[in-house]
Structure formats: C-alpha cells, structure tokens
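J.: Sharing a structure here in structure tokens format.
The values are calculated or read from the model by the stated rules, or taken from the named source; none is laboratory data. Only a predicted model underlies this, so the values are computations on that prediction, with no experimental measurement involved. Here the Cβ is made from the backbone with ideal geometry for all residues, glycine too, and neighbour counts use every protein chain on show.
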Amino acid sequence: MTPEVREEDVRAAALQYVRKVSGFHAPAAHNRAVFDEAVDAVAEATARLLDGLVVRGGPART
C-alpha cells in the first residue's frame, strides 16, 4: 500500500470490482442506479479501510 492512493484510484478499483462480481461492464438502464450505488459503497468501504490502516507508524494514505 502506498500513500499516493488517490480518490480516483479507489473509485476505479470499486468500479472494477462491481463490474467483475456483477458480470456487467455497462449495466442496462434499469440496473444503473443499483450498480452506481454498489460502486459508491465499495469506494466508501475502501476509503475507510485505507484511512484506518497504519503502515510503519504512519497513515496508509494522506
């Protein structure tokens, strides 16, 4: 883990994860809201994880 993890990196990883587990690269219009909500939830959980990690006595990210 590096301190240079940006919000854009977290969002991209969340999107990749949701695409993988859902099986959809681009969801149909009727699934867009739940797809986007899942991306937001994964990104938020990832941000909380990174904010809570301690690496060699300092925060995992700034």
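J.: Of all residues in region 28-58, count the ones that are at pLDDT 95 or above and assigned to a loop (DSSP other than H, G, I, E, B).
T.: 1
J.: Could we say that A14 is modelled with pLDDT of 95 or more, surrounded by 13 or more Cβ atoms within 10 Å (Cβ to Cβ) and not in a loop (DSSP other than H, G, I, E, B) here?
T.: Values: modelled with pLDDT of 95 or more: yes; surrounded by 13 or more Cβ atoms within 10 Å (Cβ to Cβ): yes; not in a loop (DSSP other than H, G, I, E, B): yes.
So A14 passes the test.
J.: Would you please list the contacts, defined by Cβ atoms under 7 Å and residues six or more apart or on different chains, that run from a residue in region 2-22 that is among the charged types (D, E, K, R) to a residue that is at pLDDT 95 or above and assigned to a helix (DSSP H, G or I)?
T.: Cβ pairs passing all conditions: R11/A43.
J.: Condition (residue is in contact with a Ser or Thr (Cβ under 9 Å, 6 or more places away or on another chain) and surrounded by 10 or more Cβ atoms within 10 Å (Cβ to Cβ)) applied to region 19-31: is it met by at least one residue?
T.: Checking region 19-31: at least one residue is in contact with a Ser or Thr (Cβ under 9 Å, 6 or more places away or on another chain) and surrounded by 10 or more Cβ atoms within 10 Å (Cβ to Cβ).
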